[in-house]
């Protein structure tokens with residue numbers, strides 16, 4: 001293995017959006033057993049440092065690959081289609097209208113039931129968008145479109161957190 005390898009190479013996976021989560025988890029545990037710094041505690045300082053670097057690298061790769069949005073963004077990066085979410089916030093008008101409607105509904109929601117219904121709606125939208133991301137990556141290899149989808153998913157994720165926060169406020 002090489003620290004410069006991409007995340008998929010480290011895990012011995014074909015670069016794709018759709019991956020077997022159980023296989024990923026099993027490989028992560030295997031890699032951690034191999035590189036965990038505690039396993040190299042009696043080694044010299046250089047080997048301990050390398051074990052620490054590998055452990056950090058494996059954990060970073062695992063965190064990126066296990067999260068579908070981070071994985072999609074990483075695939076975009078690998079294929080030269082930067083998500084650039086900080087600088088590119090352009091979205092289709094129908095998506096922006098939906099976001100405005102959701103925001104208004106969140107402000108007007110007065111019961112936990114309303115918020116739970118909203119959370120369910122947002123979760124279903126997220127599920128459909130994740131499936132579309134899989135299609136764009138694995139079936140179409142359309143990484144610029146995938147980058148746009150990732151930016152939209154980031155909006156949906158942020159809104160889902162806002163709904164959850166509002167639910168927690170009502171619970172207090």
Next item on the list: Within segment 91-111, count every residue that is in a helix (DSSP H, G or I) and surrounded by 13 or more Cβ atoms within 10 Å (Cβ to Cβ).
Entry: 7
Notebook entry, point to check: Residues 73, 61, 51: which one is outside any loop (DSSP other than H, G, I, E, B), more than 14 Å from the chain's Cα centre (by Cα) and surrounded by 13 or more Cβ atoms within 10 Å (Cβ to Cβ)?
Noted result: 51
Notebook entry, point to check: Taking interchain pairs and intrachain pairs at least six residues apart, which have beta carbon atoms under 7 angstrom, with the first residue in segment 139-154 and on the phi < 0 side of the Ramachandran plot and outside any helix (DSSP H, G or I) and the second surrounded by 15 or more Cβ atoms within 10 Å (Cβ to Cβ) and modelled with pLDDT of 95 or more?
Noted result: 142/136
Note to self: Every residue in segment 155-172 that is free of Cβ contacts under 8 Å to residues at least 24 places away in the same chain and either surrounded by 15 or more Cβ atoms within 10 Å (Cβ to Cβ) or outside any helix (DSSP H, G or I) (or both), please.
What the structure shows: 172
Checklist line | Index of the failed condition, residue 4 passing every other in (1) part of a helix (DSSP H, G or I); (2) farther than 30 Å from residue 135 by Cβ | finding: (1)
Check: Could you say whether any residue in segment 9-16 is assigned to a loop (DSSP other than H, G, I, E, B), under 16 Å from the mean Cα position of the chain (by Cα), touching a residue at least 40 places away in the same chain (Cβ under 8 Å) and within 30 Å of residue 134 (Cβ to Cβ)?
Finding: yes
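The values are calculated or read from the model by the stated rules, or taken from the named source; none is laboratory data. Bear in mind the structure is a predicted one, so any value in this text is a computation, not a measurement. In this analysis, Cβ positions are derived from the backbone assuming ideal geometry, glycine residues included, and neighbour counts consider all displayed protein chains.
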